[in-house]
2 protein chains.
Amino acid sequence: MSNPRQLVLNLFIYPGGHHEAAWRYKGSSAERILDITYYQELAQRAEASKFDAIFFADGPALADNVRFAQRFRFEPITWLAAIAAVTKRIGLIATASTTYTEPYNLARLFASLDHLSKGRAGWNIVTTSAPQAAQNFGLPEHPPHHERYERAREYLDVISRLWDSWEDDALVNDPASGVFAETSKIHTLDHVGKHFRVRGPLNISRTPQGRPVYVQAGSSDDGRAFAARFAEAIFTAHQTLDSAKAFYADIKRQARSFDRGPDEIKILPGISPFIGSTQAEADRLQEEFNELIQPEYSLTQLRQMIGVDLTGYDLDGPVPRHLIDTASARGVASRFKLVVDIVDREKPTIRQLVQRLAGARGHWVIAGTPEKIADNIQAWFEGGAADGFNVMPPWLPGGFDVFAEQVVPILRKRGLFREGYTGTTLREHYGLARPASIYSNQVKAIA
Amino acid sequence: MSNPRQLVLNLFIYPGGHHEAAWRYKGSSAERILDITYYQELAQRAEASKFDAIFFADGPALADNVRFAQRFRFEPITWLAAIAAVTKRIGLIATASTTYTEPYNLARLFASLDHLSKGRAGWNIVTTSAPQAAQNFGLPEHPPHHERYERAREYLDVISRLWDSWEDDALVNDPASGVFAETSKIHTLDHVGKHFRVRGPLNISRTPQGRPVYVQAGSSDDGRAFAARFAEAIFTAHQTLDSAKAFYADIKRQARSFDRGPDEIKILPGISPFIGSTQAEADRLQEEFNELIQPEYSLTQLRQMIGVDLTGYDLDGPVPRHLIDTASARGVASRFKLVVDIVDREKPTIRQLVQRLAGARGHWVIAGTPEKIADNIQAWFEGGAADGFNVMPPWLPGGFDVFAEQVVPILRKRGLFREGYTGTTLREHYGLARPASIYSNQVKAIA
């Protein structure tokens with residue numbers, strides 16, 4: 001039986017893989033992490049499996065725990081441009097910060113990516129949680145959460161209008177008449193707001209998708225409200241079906257208040273699967289990764305999530321729950337809640353908690369047979385918890401290959417995932433409409 | 001006879017070509033100007049001819065005379081990333097502004113381009129002359145020339161140290177020991193200056209070239225001083241051998257005062273050749289282009305160079321010299337001088353002046369046989385006027401093909417230009433040393 005509603009599947013690419021010790025695993029390609037052909041090949045494999053998109057995270061600062069993990073960052077838009085050149089269909093989603101970029105510059109970068117990829121660009125909109133970023137941009141301190149979202153809302157208003165500033169038929173490009181652009185269809189914004197003053201118009205014509213697909217990943221109250229209003233896809237971290245269902249229902253409900261239908265926002269939890277031909281084999285594989293964990297590193301990661309440094313505590317003793325309180329939560333608010341939930345639900349030792357989070361920085365880690373993975377995906381998809389998934393292989397490229405070869409065929413057999421692409425743009429893969437320019441049918445123009 | 005000193009040749013790519021009416025010429029590819037494969041093919045042709053580099057101009061604002069010419073801009077770094085993916089050797093030079101970008105962001109873009117191209121990135125450093133850019137970035141007005149260069153100097157200091165912040169051996173990436181980075185070899189800048197406060201370090205390891213090749217194009221007094229200090233290649237516009245020789249001597253002299261040898265700065269005038277099998281044929285070709293000129297457009301271009309609007313004057317009457325004085329010069333100072341020199345030397349009509357400048361926005365336009373073009377190139381190269389050229393074909397792709405097929409073989413026969421690449425990076429093509437990190441052998445580090 002074929003199912004008309006289809007899963008969205010993205011491949012979230014982290015250099016060596018999503019398990020924090022992946023780069024130490026024998027099957028990883030640690031030595032190729034700065035080689036663009038490694039990423040091009042990953043994208044080609046994901047495209048061969050008809051995935052919707054590949055996705056890169058980003059942040060404009062060096063993590064202070066880079067000593068023990070691959071915490072470097074290439075700039076993802078340039079990286080995706082090089083990947084676009086060797087792929088044809090797969091979507092290309094880059095993270096970029098509204099706090100540490102200028103809207104005119106970012107509008108240009110994504111417009112170029114969408115033009116050169118012929119409509120495959122997506123923008124994961126973040127406000128940047130790492131406080132050290134501020135020091136790279138001359139700010140006295142990292143702006144507080146609420147202020148970052150206030151700036152982000154104005155940013156979205158500005159950048160959307162920049163992408164709309166050339167109406168679709170403004171580009172005439174007619175050698176015979178000598179008219180290159182119909183300037184009555186190119187619009188200034190003349191935006192004057194609290195954070196930005198931007199005249200416009202953009203200096204390139206409207207892109208194949210009109211605008212890149214808007215993706216968002218914040219799960220705080222501000223983040224949810226922002227996502228419900230702007231996002232066309234949401235990346236989110238949930239450890240349980242119940243948590244994902246509650247989030248899913250909340251977002252779709254909030255979206256209604258902005259006159260947006262449930263199909264206009266794809267909710268995509270992360271999933272990091274350890275796959276084995278038996279449950280025992282999958283568990284052993286996961287155990288192999290956990291043995292490569294370096295606690296010096298893991299505890300710095302945990303500190304960033306909960307604001308408490310547990311260095312010096314007995315790794316095999318209980319998590320000192322009384323030290324963890326909301327007051328100390330900084331950075332990603334949703335991750336704090338997620339960790340506290342695990343501690344309260346599972347009462348882990350520090351080592352167990354660290355292993356739990358090492359899998360994919362708080363995302364859903366599942367170990368099992370291909371059937372079990374597929375069953376869970378189907379249960380979340382049909383149970384009101386997900387419109388698809390950000391697949392986060394524990395290691396790369398092998399961890400993706402196993403998923404593509406063993407799980408995807410099951411999903412296909414069940415009619416849940418496409419056999420082939422039906423469209424050419426990321427919007428078409430996601431089933432999203434191409435937005436009209438907000439200036440269409442308006443009078444004001446530059447000439 | 002082979003000549004040990006070799007010409008540098010870059011292909012400067014302007015969408016339809018460098019003549020302002022190129023896009024209206026029957027041989028142009030006007031319809032492909034937003035198609036990345038058009039630019040990829042041009043780069044591949046330049047690489048097949050063993051050119052040193054391709055080059056893109058840029059500016060963060062829409063030209064106000066876009067109605068009659070292809071005055072749009074794709075973002076060149078993303079564009080070059082997509083070109084890098086389908087080429088192996090040719091250098092990739094993008095223009096970017098120190099006035100309208102943040103050093104941390106730009107450092108990341110070029111570091112990624114240099115990594116993904118395996119050492120082929122070059123940065124044409126500009127301070128942006130178009131005053132309308134300020135309005136896209138919330139500035140009350142475009143900063144004056146001198147202030148832009150003051151910011152540029154501090155910018156260069158900051159961005160150079162960001163690119164140096166990981167010493168070459170800071171990246172360890174050793175799965176066995178679990179050490180990814182030797183943090184004693186990763187350095188903060190802790191820069192606090194008039195224009196920037198940047199802590200650093202950069203969030204990616206040092207690139208194949210250490211830093212992109214520094215290119216510069218300003219010819220004002222500030223521009224020359226800046227170039228003598230920082231530039232490794234200079235793009236410059238000259239109408240006559242004498243003008244080019246004076247510039248060449250001045251730059252190499254100023255460089256000495258910064259302890260830089262003459263070989264450390266390649267001086268590369270623009271050349272836009274109309275090529276025919278006879279002089280008459282070349283002249284006819286140029287005339288064909290001039291007939292496609294639209295005076296409505298040309299006069300706006302002229303106004304930007306000299307600060308005077310000649311609309312309404314008889315096109316076939318003399319240039320009203322008394323209206324043009326230094327006081328009204330705005331924008332690119334060197335272009336103003338160049339136009340005044342033409343007016344004083346040649347006493348052209350307005351139409352003749354417009355045609356003179358339509359060729360390549362003030363760069364050297366020459367019409368003749370392949371031998372004549374080669375003779376002139378050799379005369380400038382051996383006469384102390386040039387280390388090579390920025391080749392600016394009047395139209396593309398055909399205008400480049402003619403140069404590659406008819407002029408390059410003559411230059412090769414005379415031993416002036418390489419038969420094949422001997423290196424893999426742009427620095428190697430240009431014969432420039434790879435700079436050591438300024439932090440090498442220093443003590444201060446992040447941990």
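Values computed for the structure shown
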quantity: Tally of residues being among the β-branched types (Val, Ile, Thr) and more than 18 Å from residue B:92 (Cβ to Cβ) across segment B:180-232; calculated: 5
quantity: Residue in segment A:392-414 that is buried (at least 17 other Cβ atoms within 10 Å of the Cβ) and of a type in the set (Asp, Glu) present; calculated: no
quantity: Candidates B:100, B:104, B:149, B:155 - the one that is in contact with a Ser or Thr (Cβ under 7 Å, 6 or more places away or on another chain), within 9 Å of chain A (Cβ to nearest Cβ) and not hydrophobic (A, V, I, L, M, F, W, C); calculated: B:100
quantity: Candidate set from segment A:136-146 (those that are in contact with a Ser or Thr (Cβ under 9 Å, 6 or more places away or on another chain) and in contact (Cβ under 8 Å) with a residue 60 or more places away in the chain); member that is nearest to residue B:161 (Cα to Cα); calculated: A:137
quantity: Residue B:309 vs. criteria modelled with pLDDT of 85 or more and out of contact with any strand residue (DSSP E or B) (no Cβ under 8 Å at 6 or more places or on another chain); calculated: yes
quantity: Residue within segment B:110-129 that is within 18 Å of the chain's Cα centre (by Cα), under 22 Å from residue B:401 (Cβ atoms) and part of a loop (DSSP other than H, G, I, E, B) present; calculated: no
quantity: Counted residues, segment A:138-173 - those being more than 22 Å from the chain's Cα centre (by Cα), farther than 21 Å from residue A:122 by Cβ, modelled with pLDDT of 95 or more and not hydrophobic (A, V, I, L, M, F, W, C); calculated: 3
quantity: Hey, residue B:362 buried (at least 21 other Cβ atoms within 10 Å of the Cβ) and closer than 27 Å to residue B:262 by Cβ or not; calculated: yes
quantity: Options B:299, B:353: the member that is within 21 Å of residue B:129 (Cα to Cα), at pLDDT 90 or above and either touching a Ser or Thr at 6+ places or on another chain (Cβ under 7 Å) or aliphatic (A, V, I, L, M) (or both); calculated: B:299
quantity: Unmet criterion (only one of (1) under 21 Å from residue A:67 (Cα atoms); (2) free of Cβ contacts under 8 Å to residues at least 12 places away in the same chain; (3) facing chain A (nearest Cβ under 8 Å)) for residue B:177; calculated: (3)
quantity: Criterion (farther than 30 Å from residue A:131 by Cα, in contact (Cβ under 8 Å) with a residue 60 or more places away in the chain and within 14 Å of chain A (Cβ to nearest Cβ)) met by exactly one of B:216, B:209; calculated: B:209
quantity: Test for residue B:198: is it closer than 16 Å to residue A:136 by Cα, in contact (Cβ under 8 Å) with a residue 12 or more places away in the chain and within 9 Å of another protein chain (Cβ to nearest Cβ); calculated: yes
quantity: Test for residue A:277: is it within 14 Å of chain B (Cβ to nearest Cβ) and closer than 27 Å to residue A:398 by Cα; calculated: no
quantity: Exclusive hit being away from chain A (no Cβ under 14 Å) and more than 15 Å from the chain's Cα centre (by Cα), set B:240, B:236, B:183; calculated: B:240
quantity: Residue in segment A:187-209 that is modelled with pLDDT of 95 or more and under 19 Å from the mean Cα position of the chain (by Cα) present; calculated: yes
quantity: Residues of segment B:129-146 satisfying the condition of being in contact with a Gly (Cβ under 8 Å, 6 or more places away or on another chain) and within 12 Å of chain A (Cβ to nearest Cβ); calculated: B:130, B:131, B:133, B:136
quantity: Test for residue A:182: is it out of contact with any helix residue (DSSP H, G or I) (no Cβ under 7 Å at 6 or more places or on another chain) and either at negative phi or at pLDDT 95 or above (or both); calculated: yes
quantity: Residues located in segment B:271-318, provided they are assigned to a helix (DSSP H, G or I) and among the small types (Gly, Ala, Ser); calculated: B:280, B:282, B:298
quantity: Residue under evaluation residue A:141, criteria (1) among the acidic types (Asp, Glu); (2) under 29 Å from residue B:297 (Cβ atoms); (3) surrounded by fewer than 21 Cβ atoms within 10 Å (Cβ to Cβ), criterion not met; calculated: (2)
quantity: Subset of segment A:159-190 (residues that are more than 30 Å from residue B:26 (Cβ to Cβ) and surrounded by 21 or more Cβ atoms within 10 Å (Cβ to Cβ)); calculated: A:159, A:161, A:162, A:163, A:164, A:165, A:187, A:189
quantity: Number of the exception - residue A:268 against (1) farther than 30 Å from residue A:148 by Cβ; (2) assigned to a strand (DSSP E or B); calculated: (1)
quantity: Hits in segment B:79-128 - residues which are over 30 Å from residue B:143 (Cα atoms) and among the aliphatic types (A, V, I, L, M); calculated: B:81, B:82, B:83, B:84, B:85, B:86, B:90, B:116
quantity: Set A:229, A:206: member being buried (at least 23 other Cβ atoms within 10 Å of the Cβ) and of a type in the set (Lys, Arg); calculated: A:206
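For (1) touching a Pro at 6+ places or on another chain (Cβ under 7 Å); (2) of a type in the set (A, V, I, L, M), each residue gets a yes or a no:
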site	(1), (2)
B:96	no, yes
B:102	no, no
B:123	yes, no
B:129	no, no
B:140	no, no
B:145	no, no
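The values are calculated or read from the model by the stated rules, or taken from the named source; none is laboratory data. Bear in mind the structure is a predicted one, so any value in this text is a computation, not a measurement. Here the Cβ is made from the backbone with ideal geometry for all residues, glycine too, and neighbour counts use every protein chain on show.
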